[in-house]
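The values are calculated or read from the model by the stated rules, or taken from the named source; none is laboratory data. Treat the numbers as computed from the prediction; the structure is a model and nothing was measured. Cβ placement follows ideal geometry from the backbone for every residue including glycine, while neighbour counts extend to all protein chains displayed.
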Amino acid sequence: MNLAQASQQQQKTSVGIHVGRGLLFLFVMLAVVLSVWGGLAYYESLLSGEVDSLSAQITDERQGMSQDKIDAIVDFQFRMDDIVAEQGSSVDPEKLLGSIEKAILPGIVLSEYSFNDASRKVQMSGEADSFRTVVQEMTILKKMPEIEAISVPSLKHNDKGLIVFSFVIKLGKSV
């Protein structure tokens, strides 16, 4: 009995099993890769079909739109942009008067208030108990962020001993 021969036979059997398992693993991996590749190819063809269908739909929609419709849409958009821009630059007189009223000192009584949107100016007239009150009011109004400049076209005493004044307030761009 040859012991070397049995050992060689066992090695051949072991090598055959490893080769068989390796070959089987290779075929399984090849099948997985081919199935993944096939799935991706199928998915790509579906997406390509959707893109082609959407491109055809866009082309049909473009052909269906006349130049008059396009001009009307563009004109409408320009008008909307102008309205939005104008709305941002216009002043709400009621809101402005409310903020000015909050800034009026107790010793002042307003008799006139007018607002000109085109010139962005507010004219106010009133009576104060002293010159000091008028100066304090001007200082308060100048500190308001919406007011750019303030002038005093008229300032005098009346027969009751009160100070009659008028202010012209120029509004800033941020209002």
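Some points to look at:
- Residue in segment 107-118 that is surrounded by 11 or more Cβ atoms within 10 Å (Cβ to Cβ), among the hydrophobic types (A, V, I, L, M, F, W, C) and touching a Pro at 6+ places or on another chain (Cβ under 6 Å) present: yes
Yes/no matrix, rows are residues, columns are (1) assigned by TED's automatic domain parsing to the domain that holds PHE167; (2) assigned to a strand (DSSP E or B):
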site: LEU30; (1), (2): no, no
site: LEU40; (1), (2): no, no
site: SER111; (1), (2): yes, yes
site: SER119; (1), (2): yes, no
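Each row is one residue, and each column tells you yes or no for (1) loosely packed, with under 11 Cβ neighbours inside 10 Å; (2) in contact (Cβ under 8 Å) with a residue 12 or more places away in the chain; (3) in contact with a Pro (Cβ under 6 Å, 6 or more places away or on another chain); (4) among the β-branched types (Val, Ile, Thr).
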{"position": "ILE100", "(1), (2), (3), (4)": "no, yes, no, yes"}
{"position": "LYS121", "(1), (2), (3), (4)": "no, yes, no, no"}
{"position": "MET124", "(1), (2), (3), (4)": "no, yes, no, no"}
{"position": "VAL134", "(1), (2), (3), (4)": "no, yes, no, yes"}
{"position": "LYS142", "(1), (2), (3), (4)": "no, no, no, no"}
{"position": "GLU148", "(1), (2), (3), (4)": "no, yes, no, no"}
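- All positions within segment 56-74 that are small (Gly, Ala, Ser) and exposed (fewer than 10 other Cβ atoms within 10 Å of the Cβ): GLY64, SER66
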